[in-house]
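The values are calculated or read from the model by the stated rules, or taken from the named source; none is laboratory data. On a predicted model such as this, the values are computed, not experimentally measured, just so you know. All Cβ positions, even for glycine, are placed from backbone atoms using ideal geometry, and neighbour counts span all protein chains on display. Surface areas here come from the heavy atoms of the whole protein model, side chains and all, with no ligands, DNA or RNA. Shrake-Rupley method; radii C 1.70, N 1.55, O 1.52, S 1.80 Å.
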Amino acid sequence: MTLLRTPPVFSFSFAVVTLLVLSILLGQAPTRIQARKPHAINFRYPNLYPEGITWDSSAQHFIVGSLRARTLVSVSDAGVAETLIFDPDLPENVTVGGLTIDTVNNRVLAAVHAFSPLPKFDALVAYDLRTRRRVFLSLLPSSSTGGGEARPIANDVAVDFKGNAYVTNSIGNYIWKVNDRGEASIFSESPTFTAHPVDGSLPNSFCGLNGIVYVSKGYLLVVQSNTGKMFKVREEDGAARLVLLNEDMPLADGIVVRGDGVVLVNSVKKVWVLKSQDSWGEGVVYDKIDLEEERYATTLTVGNGDRVYVVYGHVLEGFKGNSSREIFGIEEVRSEKENREEGVWIFVLVGLGLAYFLFWRFQMPRLITNVDKKTS
């Protein structure tokens, strides 16, 4: 019986597939590292002066608030801005500040504050994203231990996976909690929040707790503007501890956490990129990204594809009261240090793939010869 030698189909197919994969990787690597510019959106909405921003993944658009109006505005990737919600029941000229999406209940949550000389007003308001109707408006209570507490400022908001919202009070240095039924209480008045000295001569020295974000492992991270500190707050009981960092973040404002666990914090001047190996017992400032200070970035959000964006709301200009502006911006921020490291890993993987291909290229003929000898 004569045995016919089988052509090395596997070797040829494998080589073709490997070459295709390598060509794709080699072709894309420079593009991913160098070619893509940060995504920038300019949108028009007269006198909006947005202070807060969030990303609605279900509708694939941003939602921003307003320094002067009782309005939430949607902004598309292409810069199309439309009124999403106008709430005439809110007091005139209130500030719609911090925003977040409650994905469990399909709601957008907004922290609302009335600056002096307007009558005192601090609340959390929730709107159904499908009907755009208000679900609840919860007035936020004063501290029972505050005595002659100064006028509070409801600033930023975060939400957990049960629909509980957490709102920072920048004057009182405590955190409110509002459950998914709109019932409000004081969640954390930890003495840790007031354990660090504040230089009263610095700008905005009155502003304490500010940006807040919920981390899925069961805690919150919150930054403090007038000390540059960051705190880790337990979800169960509000107990707080200082996160040990290699440097402070003066005038820290907004905070977000990406899908890979990296935290980004912004001021009007820069964005700090932070990493931690122990769930934020301590962390390091890994990189810094400069911002356009004159455009006055107030906060940031994680958008489509885990990209991080700041909102340029020109809020300082808006506080003057007699100004007028039509164009505002939303802009992606990226760490050049991370991009460089990503590029190194791409080429390492390409090199490994090439070595694997060459190994099979030169070993396959020998393997086929050995098989032929055994079957003869």
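Okay, here's what the table says:
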read-out: Region 68-97 - residue that is small (Gly, Ala, Ser) and exposed (fewer than 15 other Cβ atoms within 10 Å of the Cβ) and, of those, nearest to residue 152 (Cα to Cα); value: 76
read-out: Residue within region 154-169 that is free of Cβ contacts under 8 Å to residues at least 24 places away in the same chain, within 26 Å of residue 272 (Cα to Cα) and open to solvent by 20 Å² or more (accessible area, probe 1.4 Å) present; value: no
read-out: All positions within region 192-227 that are within 19 Å of residue 151 (Cα to Cα) and either of a type in the set (Ser, Thr, Tyr) or surrounded by fewer than 22 Cβ atoms within 10 Å (Cβ to Cβ) (or both); value: 194, 198, 200, 203, 204, 205, 206, 207, 225
read-out: Positions within region 215-246 being assigned to a strand (DSSP E or B) and among the charged types (D, E, K, R), in sequence order; value: 232, 234, 241
read-out: Residue match in region 252-267 (condition: among the aliphatic types (A, V, I, L, M) and part of a helix (DSSP H, G or I)); value: no
read-out: Scan of region 63-74 for residues that are within 20 Å of residue 324 (Cα to Cα) and either in a loop (DSSP other than H, G, I, E, B) or of a type in the set (A, V, I, L, M) (or both), ordered by number; value: 64, 65, 67, 68, 69, 70, 72, 73
read-out: Pick from region 108-128, criterion open to solvent by 30 Å² or more (accessible area, probe 1.4 Å) and of a type in the set (A, V, I, L, M, F, W, C), ranking: farthest from residue 168 (Cα to Cα); value: 118
read-out: Within region 129-146, tally of residues that are open to solvent by 70 Å² or more (accessible area, probe 1.4 Å) and closer than 16 Å to residue 169 by Cβ; value: 3
read-out: Evaluation of residue 251 against (1) under 17 Å from the mean Cα position of the chain (by Cα); (2) open to solvent by 30 Å² or more (accessible area, probe 1.4 Å) (one fails), failing number; value: (1)
read-out: Which listed residue is without any contact (Cβ under 8 Å) to a residue 60 or more places away in the chain and closer than 14 Å to residue 157 by Cα, from 215, 223, 198; value: 223
read-out: Residue ID - modelled with the lowest pLDDT, chosen from residues in region 295-352 that are over 18 Å from residue 38 (Cβ atoms) and among the basic types (Lys, Arg); value: 320
read-out: Single unsatisfied condition, residue 294 versus (1) in a loop (DSSP other than H, G, I, E, B); (2) surrounded by fewer than 14 Cβ atoms within 10 Å (Cβ to Cβ); value: (1)
